[in-house]
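I have placed the structure first, in the form of structure tokens, so that the comments after it can refer back to it.
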Amino acid sequence: MKRAKPIVALDGPVGVGKSSVAAALAQRLGFVYIDTGAMYRAVAWLAMRQGVDPSNQEATAALAGEARIRFEHQDGRLRVWCNDEDVTEAIRTPEVSAATSPVADNPQVRERLVSLQRELGQDGGVVMEGRDIATVVFPDAELPFYLDADPQVRAERRYRQWLAMGKPVTLEETYTGLMERDRRDRTRPIGALKKAERAIVIDTTGLSLNEVVETLYQRVQAWMQNREECL
Ligand code: DC
């Protein structure tokens with residue numbers, strides 16, 4: 001299927017800056033930003049809210065099947081809704097983060113969320129970020145990017161974010177936590193984090209947010225110009 005506007009897929013490990021880059025890039029392009037990690041988090045939040053053990057695969061899959069997850073774009077910021085409740089902040093707590101790992105390992109939950117993600121993105125004009133966007137959700141994405149960065153730099157970025165949020169953590173703890181989440185993301189039986197063969201790798205280690213956004217923006221612009229010329 002030829003799309004008028006591309007699907008921009010952004011995959012990569014924890015702390016690489018995907019969310020900030022995706023949000024800024026989408027805003028600059030006038031595209032819709034879709035944070036797929038927030039969808040897994042919303043299901044984990046719902047399980048906790050309803051007293052369901054997130055490791056209980058059947059019960060969590062049933063919740064995911066009925067959950068009404070949607071995004072709202074407000075003043076350039078993304079708000080996440082689950083069953084008519086704004087869960088934007090609630091899904092970022094350490095408790096929900098921990099509960100999200102078994103939820104993301106659950107094949108039935110993945111099947112349901114991948115299908116929702118396809119509905120949201122199929123017409124293009126989206127920046128969708130996650131772990132398996134270019135490998136599973138949209139292997140035909142016109143612009144598949146894989147962001148990477150040195151693990152120490154990723155830990156330092158995440159550490160500064162935690163500090164700004166007033167979280168009492170050490171850099172060492174942040175690094176260890178990040179390594180563990182990397183391991184889980186890379187070894188998940190379905191939807192594991194890996195670079196799609198076609199993906200364009202951007203190493204963000206020595207780059208600022210603006211520099212990364214600019215690099216991707218130029219690539220998307222080049223694609224759109226090329227498409228115009230082919231019409
Ligand atoms: O990007 P994030 O930290 O908000 O993601 C939350 C969790 O969901 C994390 O454990 C990775 C997982 N995830 C996934 O398995 N597939 C995606 N497409 C996005 C996130």
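Tallying residues that are closer than 21 Å to Glu156 by Cα, hydroxyl-bearing (Ser, Thr, Tyr) and within 16 Å of the ligand (Cβ to nearest atom) within region 179-218 yields 1. Condition (residue is closer than 30 Å to Ala90 by Cβ, in contact with a Leu (Cβ under 8 Å, 6 or more places away or on another chain), open to solvent by less than 50 Å² (accessible area, probe 1.4 Å) and not acidic (Asp, Glu)) applied to region 187-194: is it met by at least one residue? No, there is no match, as no residue in region 187-194 is closer than 30 Å to Ala90 by Cβ, in contact with a Leu (Cβ under 8 Å, 6 or more places away or on another chain), open to solvent by less than 50 Å² (accessible area, probe 1.4 Å) and not acidic (Asp, Glu).
Within region 45-57, the residues that satisfy the criterion of being in contact (Cβ under 8 Å) with a residue 40 or more places away in the chain and either farther than 13 Å from Thr88 by Cα or surrounded by fewer than 22 Cβ atoms within 10 Å (Cβ to Cβ) (or both) are Ala47, Met48, Pro54, Ser55, Gln57. Determine, yes or no, whether Ala4 is away from the ligand (no atom under 16 Å from the Cβ), open to solvent by 50 Å² or more (accessible area, probe 1.4 Å) and assigned to a helix (DSSP H, G or I). No, not satisfied.
Hey, can you tell me all the residues within region 86-130 that are open to solvent by less than 50 Å² (accessible area, probe 1.4 Å), in a loop (DSSP other than H, G, I, E, B) and under 18 Å from Phe71 (Cβ atoms)?
Val87, Thr88, Gly124, Gly125
Among Gln221, Gln225, Gln152, which is the only one that is free of Cβ contacts under 8 Å to residues at least 24 places away in the same chain, at negative phi, open to solvent by 90 Å² or more (accessible area, probe 1.4 Å) and away from the ligand (no atom under 14 Å from the Cβ)?
Only one candidate passes the filter, namely Gln225.
I'd like the residue in region 28-64 that is of a type in the set (Phe, Trp, Tyr) and in a helix (DSSP H, G or I) and, out of all such residues, is nearest to the ligand (Cβ to nearest atom). Per the criteria, the residue is Tyr40.
The values are calculated or read from the model by the stated rules, or taken from the named source; none is laboratory data. Computed from a prediction, not measured in an experiment: that's the story for all the values here. Cβ: placed from backbone, ideal geometry, glycine included. Neighbour counts: every protein chain shown. For the accessible areas, the whole protein counts, side chains as well, though only heavy atoms, and no ligand, DNA or RNA atoms are used. Shrake-Rupley method; radii C 1.70, N 1.55, O 1.52, S 1.80 Å.
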